[in-house]
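The structure appears below as structure tokens.
Nothing in this text is a laboratory measurement; each read-out follows from the coordinates by a stated rule. In this text the structure is predicted, and so the values were computed from the model without any measurement. Glycine gets a Cβ as well: all are built from the backbone with ideal geometry, and neighbour counts include every protein chain shown.
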Amino acid sequence: MSAPRLDVDCLTVRFGGLAAVDDVSFSVAPGTVHGLIGPNGAGKTTTFNLICGLIAPTGGAIRLDGRRIDALPSWGRAQLGLARTFQNIRMFNDMSVLETLMTGMHANLAESLLASLLRLPSFRHAERAAIDKAWALIDFVGLTEAAHRRSGDLPYGDQRRLEIARALAGEPRLLLLDEPAAGMNPSETQALEALLETLKGRGVSMLLVEHDMRFVMRLCDQITVLNFGRKISEGSPREVRADPLVVEAYLGAKVARSLEAPP
Ligand SMILES: Nc1ncnc2c1ncn2[C@@H]1O[C@H](COP(=O)(O)OP(=O)(O)O)[C@@H](O)[C@H]1O
Ligand SMILES: [Mg+2]
């Protein structure tokens, strides 16, 4: 069997006396969407920060396609194909939508820096290709009309889709999404779900943190549930929502019942 896209093995981080992530293991199979859910403070964002290299673990291992990445700096992990979006949006306010997407391609463009300094024709080709790719991505996330607007002026849902497009610009092997639907209205949430569904259809592997349970249950192949930093459950959406530990710690009986009913 081939290595999982992402393998998190006995991951732990302590902040003072608190184990924010406590001996957590799970893996994401290539081409699947894996959910990471649990109440506020369960350690979901901290797990993302550990995977991306924003903070260092106290113990455990992280592998991307079988290769240890936990000692690499975050830029090194990005180069190997990790991309993420943030729970609290971080947009380049003064840049246009098109410019924002170009910043997501810096890794590819950097290779042609020498060519650009020497003004070689290959740089112009690379730049042209990057611009074409940016337009294709803008189109893909439905922001063509807004391409020249300041990204900071976009409605919230569009900013989040731009953030996803920017993460996709580097052609990641794994996309980490931290509460992408938070703060969205129902129609924005629906558009986001359709977008992620399309990405999934194209074989993009994703790790998804989200509180909208219908969204999570429809999109995810597998789900890991955290509570107080520890893994309390794992399985298919059906298995997880029927797990009494998950109902008690997170879902509540009413939500669990409503998820059984067709939407
Ligand atoms: N940098 C930090 N220093 C100290 N405690 C932190 C830090 N980051 C997160 N925590 C704590 O770790 C726990 C998990 O937080 P977090 O990962 O943000 O939870 P979630 O994303 O699941 O809501 C919380 O108790 C939070 O207060
Ligand atoms: Mg969080």
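When only the Cβ of Lys, Arg, Asp and Glu is charged (+1, +1, -1, -1), the dipole of the range 129-263 relative to its Cα centre reaches about 140 debye. Under the convention that each Lys and Arg Cβ holds +1 and each Asp and Glu Cβ holds -1, the size of the dipole of the chain around its Cα centre is about 320 debye.
Spin-label model, Asp139/Arg230: points 7 Å from Cα along the beta carbon direction are separated by 5.2 nm. Among residues other than Leu80 with Cβ under 10 Å from its Cβ, the summed charge is +2 (Lys and Arg +1, Asp and Glu -1). Mean residue ellipticity at 222 nm, helices only, the chain: -11000 deg cm²/dmol; runs of at least 4 DSSP H residues each add -39,500 (n - 2.57), and the sum is divided by the number of residues. Look at the dipole of the chain built from charges on Cβ: of Gly53, Gly142, Ala194, the Cα furthest out on the positive end belongs to Gly53. A simple rule links phi to the HN-Hα coupling: the Karplus curve 6.51 cos²θ - 1.76 cosθ + 1.60 with θ = phi - 60°, which for the range 135-141 gives 5, 4, 5, 4, 5, 4, 8 Hz, with x for Gly and Pro.
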